[in-house]
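Worksheet: the structure to be examined is printed underneath.
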Amino acid sequence: MLRKTIRDLLEGGKTRIILNLGDINYIDSSGIGELVSGFTAVRSREGELKLLNLTRKVKDLLQITKLFTVFEVYTDEGEAVRSFK
């Protein structure tokens with residue numbers, strides 16, 4: 001579903017994407033792969049994909065996998081939106 005959503009947004013010309021992960025408590029290796037794939041797809045269109053409201057478990061997982069340094073992460077939606085300007 002994540003892959004399809006990101007691809008649909010890109011096909012619709014949307015290249016500034018914020019993923020709100022506030023309700024996600026667990027991401028497996030496939031989910032991590034989809035995040036990276038989505039990030040790569042967005043970047044290839046000169047866009048930006050940012051993450052919002054990471055739960056503690058997801059934040060820890062991104063830190064362990066060193067992906068926390070790849071993604072821009074926000075706790076405030078307004079701040080995430082403003083970061084695109």
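The values are calculated or read from the model by the stated rules, or taken from the named source; none is laboratory data. Since the structure is predicted, the reported quantities are computational estimates derived from the model, not experimental observations. Every residue, glycine among them, receives a Cβ derived from its backbone with ideal geometry; neighbour counts consider all protein chains shown.
Values for this structure:
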| quantity | calculated |
| --- | --- |
| Top-ranked residue of region 42-85 - restricted to ones that are in a strand (DSSP E or B) and of a type in the set (D, E, K, R), ranked as nearest to the chain's Cα centre (by Cα) | Lys50 |
| Positions within region 10-26 being surrounded by 12 or more Cβ atoms within 10 Å (Cβ to Cβ), assigned to a loop (DSSP other than H, G, I, E, B) and not small (Gly, Ala, Ser), in sequence order | Lys14, Thr15, Leu21, Ile24 |
| Test result for Ser29, small (Gly, Ala, Ser) and surrounded by 14 or more Cβ atoms within 10 Å (Cβ to Cβ) | no |
| Test: residue in region 62-76 that is exposed (fewer than 10 other Cβ atoms within 10 Å of the Cβ), acidic (Asp, Glu) and modelled with pLDDT of 95 or more | no |
| Close pairs from region 60-71: first over 15 Å from Asp28 (Cα atoms), partner of a type in the set (Lys, Arg), Cβ under 8 Å, at least 6 apart | Phe68/Lys59; Phe71/Lys50 |
| Where Arg7 falls short, out of the listed (1) of a type in the set (D, E, K, R); (2) part of a loop (DSSP other than H, G, I, E, B); (3) within 14 Å of the chain's Cα centre (by Cα) | (2) |
